[in-house]
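The values are calculated or read from the model by the stated rules, or taken from the named source; none is laboratory data. Just so we're clear, the structure is a prediction, and the values are computed from it rather than from any experiment. Every residue, glycine among them, receives a Cβ derived from its backbone with ideal geometry; neighbour counts consider all protein chains shown.
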């Protein structure tokens, strides 16, 4: 689903990613671990071109999205992203946060349909689009038990609630893959559980996930493959049992001895 | 002080019996028109310039636009508004062969002028919004423009509302220079009453009073707006 070919990224003189190539298949849950400064967040942010790669290609569903001439927005709509600091829209209520992108995309599609409509598809009014997005958003909120917070602003939610809303916000676009950038690092310890629980649920439902995290227990439990990154390279990748019980690279052995 | 009583009587005579209040009303109307429409134009221009100035600059076109905007801001902040008024009314428009009423010219010049100031205020507002807000929108596949309009600018405006109120108050008071191009504003109206009665003390006092009342009303309105925009900050 995602093929990374010879990805390089540098900030000025600093080479953060040094020639990374990897394939991520549909349904895989890839967990990326490594010391801080190893380039794992940059790697994840390159996957949806939040950072433009310096060279190399990211083939997503057959298209090289690292190409500057590709309309990146269309592809990002199919790649959800969850951030360390949630990045919920502060000026929108919880339900508006979830509805915003689906309504925008659907409205744009309807505008195109009005010009060219070969299959005679029914054109929805703005009110209809909003109603549908609202219904979907409420269903998603019910799934995480926050339906009574629908009309609250993000500032009134706890960290764990914010992150769960951020996760269902990306789900509202029906993405093919979701990228998680240290989703539990900014949370109070007692709120980490609820977020991991929801991510496990997602994993079980067959969602393709790429997760950068420091939660080794979580990696062991849900990953189908664990990557170890250091100094801008992937030093080792293996299924979790092998990764944690039988590490081969000395740098990984050292890392695991410190974090486990 | 018995003299002062006489002066008030004289003022009332001119103001009411001789119809001076009609000119004052027209002046008030013009003052408000120039300040309000000027502010609206200023907010639109200022927002556009601010967005250009925060655009990523590694391509030629944004850099080009940015250059134009820098020049615009430098010109309108670097010359007195009176000079801008005079240049527009007596130089630019006649050269172009256009004849416009002085109030219209004043509205446009005040709009262009406050646009330069508001662009810097707005740029500060946009920079005060957490970068994660833009990232959150872009990561979901929303284009830069949509994220800017729906997410970043509303939050920026909330942050700069007190300063915008300031700008509006400044505009109201600065309108008193439009007499340079012969527009009838609050100052001109009271000046005429003074000239007609050979008595300036009371007209100017009343004029100051009206300016203060205007500013107090605006301050109240800004507070109301702040409260309604502050909804998203309050914990419920």
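Among the residues that make up the stretch B:152-164, is at least one of them within 7 Å of another protein chain (Cβ to nearest Cβ) and not in a helix (DSSP H, G or I)?
no
Can you pull out the residues in the stretch A:23-45 that are surrounded by 15 or more Cβ atoms within 10 Å (Cβ to Cβ) and farther than 12 Å from residue A:210 by Cα?
A:34, A:35, A:38, A:39, A:42
Quick check on residue A:135: is it closer than 30 Å to residue A:55 by Cβ and either at pLDDT 95 or above or surrounded by fewer than 13 Cβ atoms within 10 Å (Cβ to Cβ) (or both)?
no
If we scan the stretch A:147-156, do we find a residue that is within 20 Å of residue A:100 (Cβ to Cβ) and away from chain B (no Cβ under 12 Å)?
For the stretch A:147-156, residues within 20 Å of residue A:100 (Cβ to Cβ) and away from chain B (no Cβ under 12 Å): present.
Please work out if residue A:217 is out of contact with any strand residue (DSSP E or B) (no Cβ under 9 Å at 6 or more places or on another chain) and farther than 27 Å from residue B:151 by Cα.
yes
Filter the stretch A:183-206 for residues that are over 10 Å from the mean Cα position of the chain (by Cα) and in a loop (DSSP other than H, G, I, E, B) and give the result.
The answer is A:184, A:185, A:186, A:187, A:188, A:205, A:206.
Look through the stretch A:48-61, keep the residues that are within 14 Å of another protein chain (Cβ to nearest Cβ) and surrounded by fewer than 23 Cβ atoms within 10 Å (Cβ to Cβ), and return whichever of them is farthest from residue A:231 (Cα to Cα).
A:61
Criterion first (within 14 Å of chain A (Cβ to nearest Cβ), in contact with a helix residue (DSSP H, G or I) (Cβ under 8 Å, 6 or more places away or on another chain) and in contact (Cβ under 8 Å) with a residue 12 or more places away in the chain) does residue B:121 satisfy it?
no
Of the conditions (1) more than 12 Å from residue A:32 (Cβ to Cβ); (2) under 14 Å from the mean Cα position of the chain (by Cα); (3) not in a helix (DSSP H, G or I), residue A:209 clears all except one; give me its number.
Against the list (1) more than 12 Å from residue A:32 (Cβ to Cβ); (2) under 14 Å from the mean Cα position of the chain (by Cα); (3) not in a helix (DSSP H, G or I), residue A:209 comes up short only on (1).
Go through the residues of the stretch B:39-58 one by one and say whether even a single one is part of a helix (DSSP H, G or I) and either under 18 Å from residue B:184 (Cα atoms) or in contact with a strand residue (DSSP E or B) (Cβ under 8 Å, 6 or more places away or on another chain) (or both).
There is no residue in the stretch B:39-58 that is part of a helix (DSSP H, G or I) and either under 18 Å from residue B:184 (Cα atoms) or in contact with a strand residue (DSSP E or B) (Cβ under 8 Å, 6 or more places away or on another chain) (or both).
When the residues of the stretch B:124-145 are filtered to those that are in a helix (DSSP H, G or I) and facing chain A (nearest Cβ under 8 Å), which remaining residue is nearest to residue B:157 (Cα to Cα)?
B:133
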